[in-house]
């Protein structure tokens, strides 16, 4: 009798091991080192709880914590108040030009929030266009700086998440349910409140939680428009810069608190949702009712007003980028001075942005197609865990991830501090989930039997993946890459921590210009960013059947 | 309890006529079934009564008042849906009490009435469950209880059993009928299942192309169909063209007014007999060739073709001799001319005899 020969680990086992190692190094090690340092004394390196005690006792930190929660909740609430009515109008009424509205919503979604903050200053700031116009006729505008501005920017930035998710859910409600409520004596408002809204609650809350998590993680908006209002992400950044050289203990402790808040928000939402999963058989599809007269004016007014409000920042930056300048001062009239200036002063920022984003996207494309194969095709504990682990980058704020990288990869042969590699790796790990999600949703539609047929014909697993699977999931890889590119090129919060003079990117340059009052340069760079982002959105729309769904 | 009177109800979608001049009178307590193939307008008519879409003209009179222009939530008609439409986000009890809460019924009375109706549909032990924990049949009983508990003037049911499996369908059919009878509830029921329609209804109303073909008691519908469509849709029928008083070359005794062309003889399969010897007295025999004999337990179904190639289906009492007839053997297809009917050859051709 011969013993069964020990077979070598297969191709996919190797890939799985490699994936685990990669996630351990690039995701868990930085987070773990942040976690460990948060329990160390800044000077002696001894174990201590003092950092946390400070955060929960000192006014400076408590105020920032309170502010963060307030802007998170208020931003989320504002986004809901804009997103839900928009979704309702779009899914229940015949709105003219609906694709224009959904395109505007997507464009508002992908443009970085700090551009929104800066554009609103251009309009409503101390020297803003609207402020000056109103002042001329004797109306004093309340200041846009501070809490009010942050919340305004967040609401207008994040409502598309809620809109896209809610509209999708509203379209999926079996019409019979609303008919049944009407038949039992419910008025239109009663039906919406008692049947429709509870049924779309899971979708609304998912969108709301994304808005909340992104709101509390955002650095650019409070930094630009917040003035005296500090949030956890801005104080983490300023602590980090002031602790530069020593151990960034307070910065990482703040980071841990931010991660904890995000995780808590997600847990609460999961818990609430656990009891509310409604599988429904769709036999009766929703019909969009025609609108006329006053109702039509109302419906079109609401939908276009909300969508346009989200687009205002883009219009403003493009407009101001073409205003003639003299140094940092707008001299009136139109001109290309701002573009001339970025061409002479910041060509490296533009080049860096594209190079870093493209490198990160190339990595994301390769790794996400391998990972999605593991997640979708391999039924094991690890593949299930991978699916969950890929949620983590969503939860970790950019500032935190960057601090984690700096505190981890800072010595010996793996010293990456100040290198372009670090920026690319941070962007890669932060945006990897977009690629995996898009690729795996396409892969789920490919029948495994196609791959099995190739293997049965004698093709090795690796070759089958390259020759059969990859071509089949190419649309998903391309859409995922475009999505990652959009988010990668707009990345600010992590890059700001790790950039050096040679690795400055467009978002960083825009932020620095706004801080220096160089609004013309900021506008021209923002326009370059906005146009390249818009181009990607256009490509996603052209290449994907389920257009808007890619963005949420 | 209510009597319903539909007066010249019309509805069209663009140029497509969905309902044309519907005139129906439904006496109080009647179980009135709208039967027809898909697209015949039966669901459109039901939803017009419920108020889910407006009809173009005509009146929907319930107990002497026209409810046709009231909004749906003010009509007080109960409706049971094909897909149950049980609210997935609330319990069985909250589903059933939904309409009572809308009507601002006092709390204690809600509890009492909900318990009562849940007893009636045998769901009392499931009152606190969520809908996803119920089977399809149970969910539809929730739908029924929810519609009945508000004491509607009229109950509407839109193919309520079509999503259930066959065995359950028959059980729930009986249950629906007995609940309806015990409450003496005027009911308009939509189905495309002819057996269901015949088994449950006081009146069956056959629709086709937005037009009522015939509204009558089940027996009447089956035995005296008003036109060729009803004869073909309810039960099965063999239609054989009549040419100059003959069918497949055999002279058949026919009433005098049957035209020489453009008429068809309708023979129900169960009225046909197959003999290999001589044709019995008073019957007409058509020479035929046996194609296939299938034994289904309760009966034998025989497929034959006549001398002119027309295919005929016959259903006979189980008989071993018949079962052993080989493929291709010659036989006589016999029928009693008194049980044969004559229709104009058109889809909705009139009955001539």
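Bear in mind that the values in this text are calculations on the coordinates, not laboratory data. Predicted, not measured: the structure shown is a model, and the values here were computed from it. We place every Cβ from the backbone using ideal geometry, glycine too, and count neighbours over all the protein chains shown.
Some points to look at:
- Sum of -39500 (n - 2.57) over DSSP H runs of 4+, divided by residues of chain B (222 nm, nearest 500): -7500 deg cm²/dmol
- Ranked by how many other Cβ atoms sit within 10 Å of their own Cβ, fewest first, the residues A:120, A:29 fall in the order A:29, A:120.
- The order of B:196, A:345, A:379, going from fewest to most other C-beta atoms within 10 Å of their C-beta, is A:379, A:345, B:196.
- The range B:141-215 versus the range B:1-55: alpha-carbon centroid distance in Å: 15 Å
- Rounded if a/c under 1.5, otherwise prolate or oblate - the range B:1-123, Cα gyration tensor axes: prolate
- Computed FRET value (nearest 0.05) for residue B:104 with residue A:343, which takes r as the C-beta separation and R₀ as 51 Å: 0.10
- Summarised as an ellipsoid, chain B has semi-axes of 47, 25, 15 Å, derived from the eigenvalues of the Cα gyration tensor scaled by 5 and square-rooted, with the largest first.
- Shielding by partners for peptide B:100-107, expressed as the average number of C-beta atoms from other protein chains within 10 Å of each residue's C-beta, is 2.
- Principal-axis tilt of helix B:107-120 within chain B, Cα atoms, nearest 10 degrees: 20 degrees
- Among beta bridges that DSSP assigns inside chain B, antiparallel share in %, nearest 5: 75 percent
- Residue mean of other protein chain beta carbons inside 10 Å, B:129-141: 1
- Inter-probe distance in nm under a simple model that places probes 7 Å from Cα toward Cβ, at residue A:69 and residue A:414: 3.7 nm
- Where only C-alpha atoms are counted, convex hull volume of the range B:172-222 per residue in Å³: 80 Å³
- Here the gap between residue A:28 and residue A:62, fully extended at 0.36 nm per residue and compared with their Cα-Cα distance, gives a gain of 9.5 nm.
- Backbone N under 16 Å from the residue B:257 label point (7 Å along Cα→Cβ), restricted to the range B:199-235: B:226-228
- The range A:416-552: projected area of the alpha-carbon convex hull, averaged over directions, in nm²: 10.3 nm²
- Modelled this way, with points 7 Å down the Cα-to-C-beta line, the labels at residue A:308 and residue B:70 are 4.3 nm from one another.
- Cβ-Cβ FRET estimate between residue B:311 and residue A:94, R0 fixed at 41 Å, reported to 0.05: 0.25
- Estimated [θ] at 222 nm from DSSP helical runs (n ≥ 4, -39500 (n - 2.57)) normalised by residues in chain A, nearest 500: -23000 deg cm²/dmol
- Rg and Dmax of the protein assembly as shown, based on Cα coordinates, read 37.0, 119 Å.
- Number of partner chain Cβ atoms within 10 Å, mean per residue of B:78-86: 6
- Plainly put, the range B:186-318 has a radius of gyration that is 1.01 times its Kirkwood radius, both from alpha-carbon atoms, as the Rg/Rh ratio.
- The residue A:143 and residue B:178 beta-carbon pair, evaluated with R₀ = 60 Å, returns a calculated FRET efficiency of approximately 0.25.
- Cα centroid separation, the range B:297-353 to the range A:482-546 (Å): 80 Å
- Orientation-averaged projected area, Cα convex hull of the range A:1-159 (nm²): 21.5 nm²
- Cα centroid of the range A:303-360 to Cα centroid of the range A:388-424, whole Å: 29 Å
- The range A:439-492 - Kirkwood radius from inverse mean 1/r over Cα pairs (Å): 12.3 Å
- Pair residue A:452, residue B:165: separation of 7 Å Cα→Cβ label points (nm): 2.6 nm
- The slack between residue B:119 and residue B:279, meaning 0.36 nm per residue of separation minus the straight C-alpha distance, is 51.7 nm.
- The range A:12-84: C-alpha gyration tensor shape, a/c 1.5 cut-off, then a/b vs b/c: oblate
- Prolate/oblate/rounded label for the range A:278-414 (Cα gyration tensor, a/c 1.5): oblate
- Rg/Rh for the range A:109-150 stands at 1.05; both radii use Cα atoms, and Rh follows the Kirkwood definition.
- To the nearest ten degrees, helix B:166-183 and the longest principal axis of the Cα atoms of chain B are 60 degrees apart.
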